[in-house]
1. Where residues in region 122-144 are among the hydrophobic types (A, V, I, L, M, F, W, C) and touching a residue at least 24 places away in the same chain (Cβ under 8 Å), which of them is farthest from Gly48 (Cα to Cα)?
2. So which residues in region 104-148 are within 26 Å of Phe89 (Cβ to Cβ) and small (Gly, Ala, Ser)?
3. When the residues of region 94-129 are narrowed to those that are among the acidic types (Asp, Glu) and modelled with pLDDT under 95, which ends up farthest from Tyr58 (Cα to Cα)?
4. Is one or more of the residues making up region 65-76 under 18 Å from the mean Cα position of the chain (by Cα) and surrounded by 16 or more Cβ atoms within 10 Å (Cβ to Cβ)?
5. Considering region 195-224 alone, what residues qualify as being of a type in the set (A, V, I, L, M), part of a loop (DSSP other than H, G, I, E, B) and surrounded by fewer than 21 Cβ atoms within 10 Å (Cβ to Cβ)?
6. Being within 20 Å of the chain's Cα centre (by Cα) and among the charged types (D, E, K, R) is the filter here, so list the residues in region 1-53 that pass it.
7. Looking only at strands (runs of 3 or more DSSP E) that lie completely in region 225-276, which have at least 3 residues being touching a Lys or Arg at 6+ places or on another chain (Cβ under 6 Å) and surrounded by fewer than 23 Cβ atoms within 10 Å (Cβ to Cβ)?
8. Working only within region 2-31, note down all residues that are among the small types (Gly, Ala, Ser) and free of Cβ contacts under 8 Å to residues at least 60 places away in the same chain.
Amino acid sequence: MRHSGRQSIPVCDFADFQSEDAERRARFIQEMGDALKDIGFFALENHGIPLDDINSAYSEAKDFFTLDGDAKSAYEQKDINRQRGFTGFGVEHAKGNPAPDLKEFWQTGRVLGEEHPSFDSFPQNIWPTEDCPDFEQAVDGLYEKMEGLAQFLLSAASEYLSKGVEWLPLMANDGNTILRLIHYPPVPEDADPQSVRSAAHEDINLITLLVGATADGLEVMDHDGGWIQVEANHNHIIVDSGDMLQNLTNGLFKSTTHRVVNPDNSRNRRFSMPMFVHPRDEVDLTPDEELVSVTGGEALYDSITAGEYLYQRLVEIGLTS
């Protein structure tokens, strides 16, 4: 395993963006945009998500994933491609890698009111209320705070791209943004030799916000093909740009390969909580003409809607057929 010459990913201070000082705010936008343009990842400090809220969500995740297999499987929803509720161990695999990832997870998303025109077609949340009565309050509360943070970051990215502050946030309004609670249990002795906790992959969505995991293991690929180890740290939220944003910006923002490697001690468990920020299904991801012009003048990515892109990836990673 070859490590990168770079020791860490960039760090951006969210307090700069919230400052009334125009220079500090401009500095954040420049540093964040430069990071997404260069390596596609950065660590966000002073993110404003209370540590108690993060710890509460992790506590509820641990309680749920210690339930027996039958209890957890009762919350699996194959009819909606497992976009809400529980997904069992070894179901998902990285695109192009048939060996299963060594993880199980829970997904929760946005709540639309019954009066919303998309209510009947939008995945609805379920909750393990009988088994974990405090799960909904802790997890849904974290979802709301993280999504609010995501909207600020999308606004900053839009300003960096000279597209106006609402360009990306409007795409994500009422989008299928998902908070995933992931459990990486001890590595089974009979695990596929090609399996790791999360094989090398790129995220599909606009941006991802990853609350600091409970243990190290995340690695980001650098330009030279080496791996940058990312420290698990609740004081940071790790942010990266996904395939949809790369498509939309014609590659100006990078969707960078990353992975979660197996621990030295195979008995150690790990939990993490990424939020995958998605646009609405009908949003057109065709490379923006202005951004095509600043990236060489040729569209490098397909014209496709967000919904089509998502379904295509769900097939590729084994969550639907």
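The values are calculated or read from the model by the stated rules, or taken from the named source; none is laboratory data. As the structure is a prediction and not an experimental result, all values here were calculated from the model. Backbone-built Cβ (ideal geometry, glycine too); neighbour counts: all protein chains shown.
1. First, pick out the residues of region 122-144 that are among the hydrophobic types (A, V, I, L, M, F, W, C): 122, 126-127, 132, 135, 138-139, 142.
Add one more test, that the residue is touching a residue at least 24 places away in the same chain (Cβ under 8 Å), and what stays is 122, 126, 132, 135, 138-139, 142.
Working: Phe122: 30, Ile126: 27, Cys132: 27, Phe135: 22, Ala138: 16, Val139: 17, Leu142: 12 Å.
For region 122-144, the residue satisfying everything is Phe122.
2. Result: Gly109, Ala138.
3. Glu115
4. No, there is no match, as no residue in region 65-76 is under 18 Å from the mean Cα position of the chain (by Cα) and surrounded by 16 or more Cβ atoms within 10 Å (Cβ to Cβ).
5. Residues of region 195-224 that are of a type in the set (A, V, I, L, M), as a first pass: 196, 199-200, 204, 206-207, 209-211, 213, 215, 218, 220-221.
Now drop any that are not part of a loop (DSSP other than H, G, I, E, B), which leaves 196, 204, 206, 213, 215.
Hit for region 195-224 is Ala215, nothing else.
6. Of everything in region 1-53, those that are within 20 Å of the chain's Cα centre (by Cα) and among the charged types (D, E, K, R) turn out to be Asp13, Asp34, Lys37, Asp38, Glu45, Asp53.
7. Answer list for region 225-276: none.
8. Answer for region 2-31, where residues must be among the small types (Gly, Ala, Ser) and free of Cβ contacts under 8 Å to residues at least 60 places away in the same chain: Ala15, Ser19, Ala22, Ala26.
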